[in-house]
């Protein structure tokens, strides 16, 4: 077995792992990133199909927060383009474009039948935001039912909860909803919402260049088979490559595999029962289906997020090529649509049926979509490739194994989601390592 020696090994080249590696390499740590796939970025990467640049997960990239701070700190190019943040609601076949700060209230009045109930909901939300957020496990739907029985009002909240927070209103705790509203991206003043001009892979490759410029290494097609622990402390990683196995010694290991996979390749015997019981509460988000419909002209005229209200499962539409024509062949466009599990299910999810329902609802909501465009691809996010590795249960970035950390959306921080969450966990972990361990150089 070949041997290697690094300060830090980052397992998994997803967005969180790459942000952590870039920060650590920038500070002089001898850093190795190992990725079992030939493609970097995980669910924040890009596949090219018939000349169209398709995301592997993340679509919108927030600017003005921890992500942009990371790129700026490590000297990586942040090539994104802002899109109009106006919220657009699709209600009863009509599009309503409202300013971000007014959109939810106006959607409640436009779609809701109980106007007094809408007032009560908005007043309760104002109290929750300015005074005290609700606590406990009560769901968004249960919380809303205190103020109205109008199903139409409930349905206004459904797309936001499903797309942004990964859970429908029946399962998402109201406390998590308000933590996002008060301490997440909206309230922290995220300056912009953007698309990566040349696809998300461009951002990942920018981080890769920053890592390698500081002497870090990135191995593709290299799978971490085992995280090595001695006396409750991490000491390295066994990595399988096309050239055979390597035993890499390390002062710290950062896993971007999700906490359950981290435990699996480390060995449950190295983790205490309290941590393992908490880990059982971490569940991935339910199935999300996305599709790309390509066309000669935009199928909708708005570049930002469109929220279909009242749809049984369709929860968002985006037209990134209006803002970034670079994502498609010249003169072409695509519509990105997403659907999710919006009602409680007691039986196993039938993926084929969900895809069929997605396409049927897409045809209903976008008239003549089959005549005006062509379905290029359909993606399903579930199981080992979910929207988020954790629906809402928080778990610390540190594990019980000394100097073994997790980054990414499997170690939730209340109020943060998606790539912002990944970048923030990377910041926390890299600063933790810097405070404990000196770089070799």
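Closer than 20 Å to residue 318 by Cβ, surrounded by fewer than 19 Cβ atoms within 10 Å (Cβ to Cβ) and more than 13 Å from the chain's Cα centre (by Cα): does that describe residue 370? Answer is yes for this residue. Any chance segment 406-420 includes a residue that's without any contact (Cβ under 8 Å) to a residue 60 or more places away in the chain, assigned to a loop (DSSP other than H, G, I, E, B) and either outside the structural domain of residue 28 (by TED's automatic domain parsing) or on the phi > 0 side of the Ramachandran plot (or both)? No, because not a single residue in segment 406-420 is without any contact (Cβ under 8 Å) to a residue 60 or more places away in the chain, assigned to a loop (DSSP other than H, G, I, E, B) and either outside the structural domain of residue 28 (by TED's automatic domain parsing) or on the phi > 0 side of the Ramachandran plot (or both). Within segment 87-101, the presence of a residue that is in a helix (DSSP H, G or I), within 30 Å of residue 361 (Cβ to Cβ), without any contact (Cβ under 8 Å) to a residue 60 or more places away in the chain and touching a helix residue (DSSP H, G or I) at 6+ places or on another chain (Cβ under 6 Å) is excluded. Within segment 292-301, one or more residues are closer than 30 Å to residue 50 by Cα, under 20 Å from the mean Cα position of the chain (by Cα) and either assigned by TED's automatic domain parsing to the domain that holds residue 35 or surrounded by 20 or more Cβ atoms within 10 Å (Cβ to Cβ) (or both).
Scanning segment 249-284 for residues that are assigned to a loop (DSSP other than H, G, I, E, B) and surrounded by fewer than 23 Cβ atoms within 10 Å (Cβ to Cβ) turns up 267, 271, 272, 281, 282, 283, 284. Of all residues in segment 54-81, which are assigned to a strand (DSSP E or B) and within 22 Å of residue 315 (Cα to Cα)? Residues satisfying the conditions are 54, 55, 61, 62.
Checking each residue in segment 19-40 for being more than 15 Å from residue 223 (Cβ to Cβ) and in contact with a strand residue (DSSP E or B) (Cβ under 7 Å, 6 or more places away or on another chain) picks out 20, 21, 24, 25, 29, 30, 31. Looking across segment 349-374, the residues that are touching a helix residue (DSSP H, G or I) at 6+ places or on another chain (Cβ under 7 Å) and either in a strand (DSSP E or B) or free of Cβ contacts under 8 Å to residues at least 40 places away in the same chain (or both) come down to 363, 370. Only residues that are more than 17 Å from residue 290 (Cβ to Cβ) and surrounded by 19 or more Cβ atoms within 10 Å (Cβ to Cβ) were counted across segment 302-321, and they come to 3. Considering each of 32, 37 in turn, give the residue that is in a strand (DSSP E or B), more than 30 Å from residue 331 (Cβ to Cβ) and out of contact with any helix residue (DSSP H, G or I) (no Cβ under 7 Å at 6 or more places or on another chain). Result of the check over 32, 37: 32. Only residues that are surrounded by fewer than 18 Cβ atoms within 10 Å (Cβ to Cβ) and either in contact with a strand residue (DSSP E or B) (Cβ under 8 Å, 6 or more places away or on another chain) or assigned to a helix (DSSP H, G or I) (or both) were counted across segment 111-123, and they come to 6. In this structure, is residue 133 part of a helix (DSSP H, G or I) and within 25 Å of the chain's Cα centre (by Cα)? No, not satisfied. The single condition among (1) touching a helix residue (DSSP H, G or I) at 6+ places or on another chain (Cβ under 8 Å); (2) surrounded by fewer than 16 Cβ atoms within 10 Å (Cβ to Cβ); (3) within 17 Å of residue 6 (Cα to Cα) that residue 232 does not satisfy is (3). Every condition in (1) assigned to a helix (DSSP H, G or I); (2) under 19 Å from residue 389 (Cβ atoms); (3) touching a strand residue (DSSP E or B) at 6+ places or on another chain (Cβ under 9 Å) is met by residue 43 except one, and the failing one is (1).
Every residue, every condition in (1) touching a helix residue (DSSP H, G or I) at 6+ places or on another chain (Cβ under 6 Å); (2) under 14 Å from residue 112 (Cβ atoms), yes or no:
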{"residue": "137", "(1), (2)": "no, no"}
{"residue": "140", "(1), (2)": "yes, no"}
{"residue": "151", "(1), (2)": "no, yes"}
{"residue": "156", "(1), (2)": "yes, yes"}
{"residue": "163", "(1), (2)": "no, no"}
{"residue": "172", "(1), (2)": "yes, no"}
{"residue": "175", "(1), (2)": "no, no"}
{"residue": "182", "(1), (2)": "yes, no"}
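The values are calculated or read from the model by the stated rules, or taken from the named source; none is laboratory data. Treat the numbers as computed from the prediction; the structure is a model and nothing was measured. No Cβ is skipped: glycine too gets one built from the backbone with ideal geometry, and neighbour counts run over all protein chains shown.
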